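*Asks:* Handing you this structure, nothing more for now.
The values are calculated or read from the model by the stated rules, or taken from the named source; none is laboratory data. If you're wondering where the values come from, they're calculated on a predicted model, not measured in any experiment. Every residue, glycine among them, receives a Cβ derived from its backbone with ideal geometry; neighbour counts consider all protein chains shown. All accessible areas refer to the heavy atoms of the entire protein, side chains included, with ligands and DNA or RNA removed. Shrake-Rupley method; radii C 1.70, N 1.55, O 1.52, S 1.80 Å.
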Amino acid sequence: MTLDVDEAVPEQRARRAAVYRLFDAAGELLYIGSAYDPEERCKEHHSKAWWPQVASRTEEWRRSRLDAYAWEMKAIANEGPRHNVMGTPEYRDQCRLRARTDPRRQAIIRAGSAAGRGAPRAIVDAILRGDIKSYTKAGPVYFE
């Protein structure tokens, strides 16, 4: 059995989305996110304590929301923005500690790991639902 991302989430494939980066006045990377509409999404960040530090934003447009999400997770892992939580090594380490006793948290860790390796959002969601176990470069890994 394979998961057809095109069939699972066609609305996410049909619309371009951006990976955006927020910087302070000195050019330090504060935050990386992804959205269909970065302008609107950034309005949601206005309530964050770090928002007053934001001086500029860049956008990198991707072919789909799924593609943007995968690039976002890779960028967070590689670039280390100051205010991202999800996708950081510290976040993964905290999750691993909690996962030793909670199967649901184990699924969350596997989903985050899959996203960091470039799994499409539909795969990540399938891991969270318990439909598949994990994701490798070869594709989804199913429960036996």
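*Asks:* When residues of segment 1-22 are filtered for being modelled with pLDDT of 90 or more and not hydrophobic (A, V, I, L, M, F, W, C), how many remain?
*Replies:* 3
*Asks:* Shifting gears a bit: Being of a type in the set (Asp, Glu) and either assigned to a strand (DSSP E or B) or over 25 Å from Ala14 (Cβ atoms) (or both) is the filter here, so list the residues in segment 48-86 that pass it.
*Replies:* Glu59, Glu60, Glu79
*Asks:* Counting only residues that are open to solvent by less than 30 Å² (accessible area, probe 1.4 Å) and not in a loop (DSSP other than H, G, I, E, B), which one in segment 87-111 is modelled with the highest pLDDT?
*Replies:* The selected residue is Ala111.
*Asks:* Being open to solvent by 60 Å² or more (accessible area, probe 1.4 Å), at pLDDT 95 or above and not in a helix (DSSP H, G or I) is the requirement here; does Ala25 meet it?
*Replies:* So Ala25 fits the description; yes.
*Asks:* Ok, one more. Filter segment 123-144 down to residues that are crowded, with 19+ Cβ neighbours inside 10 Å and part of a helix (DSSP H, G or I) and give me whichever is nearest to the chain's Cα centre (by Cα).
*Replies:* Val124
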